[in-house]
Amino acid sequence: SIASNQYRTAYHFQPPKNWMNDPNGPMYYNGIYHLFYQYNPNSAVWGNITWGHSISTDLINWTPQDPAIHPSKSFDINGCWSGSATIRRGSEPAILYTGIDAENRQVQNVAIPKNLSDPFLREWSTPDYNPLMEPVDGLDPSQFRDPMTAWHGSDGHWRVAVGAQIAGNGTAVLYKSSDFVHWVRAASPLHTSKGSGMWECPDFYPVPSKGRQGLDTSENSKDVKRVLKMSLSETQSDHYMLGKYDIEKDIFVPDETVDDYRVWLRYDYGKFYASKTFFDEEKKRRISWAWLNESDTEADALLKGWAGIQAAPRTIWLDSNGRQLVQWPVKELESLRRNGAHLQNTELKTGGLFEIKGVKASQADVEVDFELPSLERAEPLDPSWLMDPPKLCREEDASVQGGLGPFGLLILASHNLEEHTAVFFRVYKAHNGYMVLLCSDQRRSSLRPEVDKPAYGSFVDMNIEKEGRISLRTLIDHSVVESFAGGGRTCITARVYPEVLVTGDIHLYAFNNGTETIKIPKLQAWDMAKPWINV
Ligand code: DQQ
């Protein structure tokens, strides 16, 4: 039954029970990784929001702590909503978060560690001088929340931006401070975009133009680009723009002159929301966390006793072409890999379907390369499809024979394939070159009618003529399927609830339903061990 907890993940972050949503204030401080999260201590549905807290030395095993911030004073008595941590050098770390105050207004507060000599920073205090920022001067008290990590401006003073919606326009409202206590609103926002709705959980950080290193949030040299990410509440999806930070004017300047939210890039084209990054000073990388909501019903959440997981932490960097970000699960995750299946130089002929045996199909990490001997059979792409890849994934799904593809994996599959999640590619010939489509189709993922089973899709920005092969990595962990195509250039995450997880006869297949033979020079699938996560 649902309550048997077969949908609970093994190596994705979850609290022991109850509701979790956004990742909050992730940070690395004095040898310890901290993750806070929006948490309901009383139930498996959203409400009573406090800051859950957990610590780790390796991003894989997590030790639970008591909630770090909980509703206690007039400035947060109705909820402690999302926010971010700032490591203030030579001083203590600080958390900026949104409090729902006694009048149900959204205000921004600070919390600081009670005892800096506690290596785990278990207790946090919320000083009485809160709130720091209030919804005045045209700010809507119900659309003003989620402060970012603060950074240094040209005058060495602090800057921070807060998500808002002003007259329908998504906005990152900018504030300045010399002491982290008194904050003054800047005349211009960091950025605003027409008609994009409320910007939840905005994030703003530098990425080097070259290489995979991460940078401290205050870094602003010449060879650095800036990412501005916003979580669009209407679509529950995370979008970003690349650009520059004009440190004199204190504004974000997007690379593209077209600032239209419908064409913004996405971290992930599936279920992935309210993400937040932090700079890992130890390993000099930028890491993102994100909330993966359930796709089943509230009634089921109550039966299971929990809802919400975090995506695997991902290292994030700028693609060498400068056009987009690349994401890859943190290296540490590979330490969980155990025996599995390893294949070399296999062929997938037309209609080919083979089972990847010898791997725990419900808890695995799969890496596969698909090599395309020829592009001749790529079908023509009608340009109108470019605007709606998920529709293309629905209409030309894994069961529809094509030329070059569909080929890929059938995940969490029952032996008769009545249930399966299809993660696959198709290659098309468009007017200006070949296009690689990635789909994650959940429509047959479960026989249960009540769960949401969308099909997700996106094109992979790659040159298939030059590269000759497409890589796919998929993390399978009971009710989550996280896919990274083209080395992390396109990511799609899905939540799935197959009945076969409960009955236990789960399979993993590779398939090709195109007329062209596909080669698999290498396929590796590992069982994933179960780390200690909040037990
Ligand atoms: N979740 C929080 C808000 C944020 C939203 C409340 C995003 O602060 O805007 O739990 O999921």
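The values are calculated or read from the model by the stated rules, or taken from the named source; none is laboratory data. The structure displayed is predicted, hence computed values, not measured ones. All Cβ positions, even for glycine, are placed from backbone atoms using ideal geometry, and neighbour counts span all protein chains on display.
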>> Pull out all pairs, ordered by first then second residue, where Cβ-Cβ is under 9 Å, the residues are six or more apart or on different chains, the first lies in segment 273-284 and is farther than 12 Å from Tyr205 by Cβ and assigned to a strand (DSSP E or B), and the second is at pLDDT below 95 and β-branched (Val, Ile, Thr).
In response: none
> Out of the residues in segment 220-239 that are at pLDDT 95 or above and farther than 19 Å from Arg314 by Cβ, which is farthest from the ligand (Cβ to nearest atom)?
Replying inline: Val224
>> Just to check your reading of the model, which residue among Asp128, Asp101, Asp76, Asp118 is surrounded by fewer than 20 Cβ atoms within 10 Å (Cβ to Cβ), acidic (Asp, Glu) and in contact (Cβ under 8 Å) with a residue 12 or more places away in the chain?
In response: Asp128
> Given (1) more than 18 Å from Trp199 (Cα to Cα); (2) within 16 Å of the ligand (Cβ to nearest atom); (3) in contact with a Leu (Cβ under 6 Å, 6 or more places away or on another chain), where does Lys271 come up short, assuming only one miss?
Replying inline: (1)
>> Yes or no: segment 293-305 includes at least one residue that is in contact with a strand residue (DSSP E or B) (Cβ under 7 Å, 6 or more places away or on another chain), in a strand (DSSP E or B), surrounded by 19 or more Cβ atoms within 10 Å (Cβ to Cβ) and of a type outside the set (D, E, K, R).
In response: no
> of a type outside the set (Val, Ile, Thr), within 16 Å of the ligand (Cβ to nearest atom) and in contact with a Phe, Trp or Tyr (Cβ under 8 Å, 6 or more places away or on another chain), is that true of Ser56?
Replying inline: no
> Is it true that some residue in segment 240-260 is in a loop (DSSP other than H, G, I, E, B), surrounded by 17 or more Cβ atoms within 10 Å (Cβ to Cβ) and either within 16 Å of the ligand (Cβ to nearest atom) or among the basic types (Lys, Arg) (or both)?
Replying inline: no
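Provide a single number: the residues in segment 36-58 that are assigned to a loop (DSSP other than H, G, I, E, B) and of a type outside the set (Val, Ile, Thr).
So the count comes out to 8.
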>> Can you confirm whether Gln14 is over 15 Å from the mean Cα position of the chain (by Cα), among the polar types (S, T, N, Q) and more than 16 Å from the ligand (Cβ to nearest atom)?
In response: no
> Considering Ser117, Ser142, which residue is in the same structural domain as Ser54 (by TED's automatic domain parsing), in a loop (DSSP other than H, G, I, E, B), farther than 24 Å from Gly243 by Cβ and in contact with a Pro (Cβ under 9 Å, 6 or more places away or on another chain)?
Replying inline: Ser142
> Could you list, in sequence order, the residues of segment 12-59 that are surrounded by 20 or more Cβ atoms within 10 Å (Cβ to Cβ), touching a Ser or Thr at 6+ places or on another chain (Cβ under 7 Å) and under 17 Å from Lys304 (Cβ atoms)?
Replying inline: Asn18, Trp19, Tyr39
> Can we say Thr277 is within 22 Å of the chain's Cα centre (by Cα), crowded, with 19+ Cβ neighbours inside 10 Å and within 16 Å of the ligand (Cβ to nearest atom)?
Replying inline: yes
> Failed condition for Ser288, given (1) crowded, with 22+ Cβ neighbours inside 10 Å; (2) touching a residue at least 40 places away in the same chain (Cβ under 8 Å); (3) in a strand (DSSP E or B), with all others met?
Replying inline: (2)
>> Return the residues of segment 378-390 that are without any contact (Cβ under 8 Å) to a residue 60 or more places away in the chain, out of contact with any helix residue (DSSP H, G or I) (no Cβ under 6 Å at 6 or more places or on another chain) and surrounded by fewer than 19 Cβ atoms within 10 Å (Cβ to Cβ); say none if nothing qualifies.
In response: Glu379, Pro380, Asp382, Pro383, Ser384, Met387, Asp388
> For segment 193-213, how many residues are in contact with a Leu (Cβ under 7 Å, 6 or more places away or on another chain) and at positive phi?
Replying inline: 1
>> Quick check on my filter: what residues within segment 403-418 are surrounded by fewer than 24 Cβ atoms within 10 Å (Cβ to Cβ) and not hydrophobic (A, V, I, L, M, F, W, C)?
In response: Gly403, Ser414, His415, Asn416, Glu418
> Quick one: Asn40 ticks every box in (1) within 13 Å of the ligand (Cβ to nearest atom); (2) touching a residue at least 24 places away in the same chain (Cβ under 8 Å) bar one, so which box is it?
Replying inline: (2)
> Which residues, taken from segment 224-259, are within 22 Å of Val460 (Cβ to Cβ) and not aliphatic (A, V, I, L, M)?
Replying inline: Lys225, Lys229, Thr235, Ser237, Asp238, His239, Tyr240, Asp255, Glu256
> So which strands (runs of 3 or more DSSP E) stay within segment 384-481 end to end and still have 2 or more residues that are farther than 26 Å from Glu334 by Cβ?
Replying inline: 421-430, 433-441, 455-460
>> Checking the conditions here, which among Thr98, Thr86 is under 27 Å from Lys331 (Cβ atoms), of a type in the set (S, T, N, Q) and in a strand (DSSP E or B)?
In response: Thr86
>> Under 8 Å between Cβ atoms, which residue pairs at least 6 apart in sequence (or on different chains) link something in segment 217-237 that is closer than 18 Å to Ser320 by Cα and in contact (Cβ under 8 Å) with a residue 40 or more places away in the chain with a partner that is away from the ligand (no atom under 16 Å from the Cβ) and of a type in the set (Lys, Arg)?
In response: Lys225/Lys244
> What are the residues in segment 69-94 that are within 13 Å of the ligand (Cβ to nearest atom) and either aliphatic (A, V, I, L, M) or more than 17 Å from Val160 (Cβ to Cβ) (or both), if any?
Replying inline: Ile69, Pro71, Asp76, Asn78, Gly79, Cys80
>> Can you confirm whether Thr149 is under 30 Å from Arg262 (Cα atoms) and either without any contact (Cβ under 8 Å) to a residue 60 or more places away in the chain or assigned to a strand (DSSP E or B) (or both)?
In response: no
>> Being among the polar types (S, T, N, Q) and either within 16 Å of the ligand (Cβ to nearest atom) or part of a loop (DSSP other than H, G, I, E, B) (or both) is the filter here; which residues of segment 188-209 pass it?
In response: Ser188, Ser196, Ser209
